[in-house]
Structures are given as structure tokens and as C-alpha cells.
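What follows is one structure encoded as C-alpha cells, with my remarks underneath.
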Amino acid sequence: MAKTSAQNSPGPSVSPEPVQAAPSPATNGRTDHSRFSNSWYNPGPRWKTVLWFLVSNATLNTYLPIPMSIKRGILKLFGARLGHSVVIKPAVNVKYPWFLEVGDHVWIGEQVWIDNLSRVVIGSHVSLSQGCMLLTGNHNYRRSTFDLTTQPITIEDGVWVGAKSIVCAGVVCGSHAVLSVNSVATKSLNAYGIYQGNPANWIRERKIEA
């Protein structure tokens with residue numbers, strides 16, 4: 001039996017969805033590092049920052065077997081506020097100790113980098129594992145001058161920042177939160193939350209046995 005013309009018809013044509021074109025370089029800005037200036041940023045007297053650079057690399061950011069009591073004393077001498085029994089492992093890098101406050105019984109692991117262009121407050125019983133970074137500085141990528149920005153970081157009591165993890169500027173890690181190995185906290189973490197990934201996402205609640 002022969003097919004009707006309707007059966008032979010290919011059906012109505014459908015126009016493809018329009019493709020969003022990428023912005024043309026002619027209508028979009030460009031980063032210009034030659035115009036970058038952080039002259040507004042003043043962490044302290046020049047002599048103080050130079051002296052700290054020399055002292056810290058000889059005593060703190062080193063694998064020499066410097067007693068922890070000496071490391072704590074030097075940090076305090078340069079303005080850090082430290083609680084009792086702070087553990088400081090080898091090769092720890094602190095940008096400006098006068099912007100650092102640390103509670104009691106805190107463990108600061110090997111190769112931890114506290115890049116505190118702004119204030120960093122660390123509560124008590126906090127664990128900062130090997131190679132983790134606390135980064136208070138950032139750049140405004142929306143401006144062609146790539147302006148420097150800084151925001152403080154707060155690590156509340158009982159937090160564990162895992163090895164090779166990063167806490168970004170402006171983040172508050174709530175009490176007893178956990179940032180898993182190699183994760184990046186771009187937003188604040190809820191208390192007793194376990195977070196993982198880049199960017200870090202809530203995985204489950206942290207349960208602590210008495």
C-alpha cells in the first residue's frame with residue numbers, strides 16, 4: 001500500500017538554539033599589570049618587615065632543629081599573640097606575626113603558610129596540617145589594574161584544616177569544622193561540618209565522642 005504524502009513528510013523544521021558568542025576582545029577589557037599599585041597597603045615599618053624576613057627564615061621557616069620555645073618567643077617578640085602549648089613544626093611561614101592571634105594547644109604543621117596580609121585569628125585546639133595555607137590576600141580580577149584586596153580569616157576552636165588545604169580570604173571556619181585534605185574553602189564553613197573538594201562542599205556532620 002502506498003504511503004500518503006503526510007506519511008512521507010519529514011515533519012516541521014526546528015531552528016537550532018542560538019549559540020551565545022564569547023565577548024569580542026575589542027569590546028572587553030584587558031589586564032594591565034603596569035598600572036598595578038599596592039601603595040595603599042602598609043603592613044608596618046619597612047625595617048620591621050625586613051628584620052622579620054631575616055629572623056623568620058633563620059628560626060621559623062627552616063628545617064634547623066630550633067626548639068619550639070624559641071620559635072614561640074620570637075613570634076611573640078614580633079607581636080604575635082600566642083596561647084599556651086602552641087606546637088610549631090619545621091618550615092612554617094608566617095607573613096606578619098603582628099597580624100596573628102593563636103589560642104591554646106594549637107598544632108601548626110610542617111610547611112604551613114600563614115599568608116596574613118590581614119589579621120588571622122586561630123582559636124584553641126586547632127590543627128593546621130602539613131602544607132595547608134591561610135591566604136588573606138586576593139586580587140580584583142574585574143579591574144584592569146588587578147587591585148590587591150585583603151580580608152581577615154578566623155579559625156574557630158577545634159577546627160581541623162587538612163594537609164595541602166587552602167582557606168581563602170574572608171572565610172570563617174566555624175567551631176570544630178573539618179576541611180578535608182587538598183580542599184579549598186572559598187566560603188565560610190558551618191560549625192561541626194566536614195567539607196571536601198574545590199570549592200569545598202558540606203559532606204556530613206562531624207560527630208565527636210566524649
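Read-outs throughout are calculated quantities, based only on the coordinates presented, and are distinct from any laboratory measurement. Nothing here was measured: the structure is a model prediction, and the numbers come from that model. Note: ideal-geometry Cβ built from the backbone for every residue, glycine included; neighbour counts use all protein chains shown.
General remarks:
- By the count of other C-beta atoms within 10 Å, a proxy for reagent exposure, Lys71, Lys48 are ordered fewest to most as Lys48, Lys71.
- Projected label distance in nm at Asn93 and Asn138, using a 7 Å step from Cα toward the beta-carbon: 2.1 nm
- Chain lengthening between Leu51 and Gln151 when straightened (0.36 nm per residue, less Cα-Cα): 33.5 nm
- With contributions of -39500 (n - 2.57) from each DSSP H run of at least four residues, the per-residue ellipticity at 222 nm computed over the chain stands at -4000 deg cm²/dmol.
- For His139, the residues whose modelled amide H falls within less than 5 Å of its own, excluding neighbours fewer than 5 places apart on the same chain, are Thr149.
- Rounded if a/c under 1.5, otherwise prolate or oblate - the chain, Cα gyration tensor axes: oblate
- Label sites at Lys76 and Thr62, each approximated as a point 7 angstrom past Cα along Cα to Cβ, lie 2.1 nm apart.
- Global geometry of segment 39-128, whether rounded, prolate or oblate, following the gyration tensor of its Cα atoms and the 1.5 cut on a/c: oblate
- Residues Val181 and Ile208, FRET efficiency given R0 of 25 Å [Cβ-Cβ distance, rounded to 0.05]: 0.85
- Judged by the mean number of other Cβ atoms found within 10 Å, the most tightly packed of the peptides 173-179, 119-125, 162-168 leads the ranking 173-179, 162-168, 119-125.
- Number of Lys-Lys pairs in the chain with C-alpha atoms under 21 Å apart and a separation of 8 or more places or on different chains: 10.
- Amide proton proximity set for Gly193, modelled H, under 5 Å, gap of 5+: Ala177, Val178, Arg206
- DSSP bridge pairs, the chain: antiparallel proportion in percent, nearest 5: 20 percent
- With θ taken as phi - 60° and the Karplus curve 6.51 cos²θ - 1.76 cosθ + 1.60 applied, the whole-hertz 3J(HN,Hα) list for segment 89-99 is 7, x, 6, 8, 10, 10, 5, 9, x, 6, 9 Hz, x standing for glycine and proline.
- Extension reserve of the Asn42-Asn190 stretch, reckoned as 0.36 nm per residue once the Cα distance is removed: 50.0 nm
- Ranked by how many other beta carbons lie within 10 Å on average, peptides 92-98, 193-199 from highest: 92-98, 193-199
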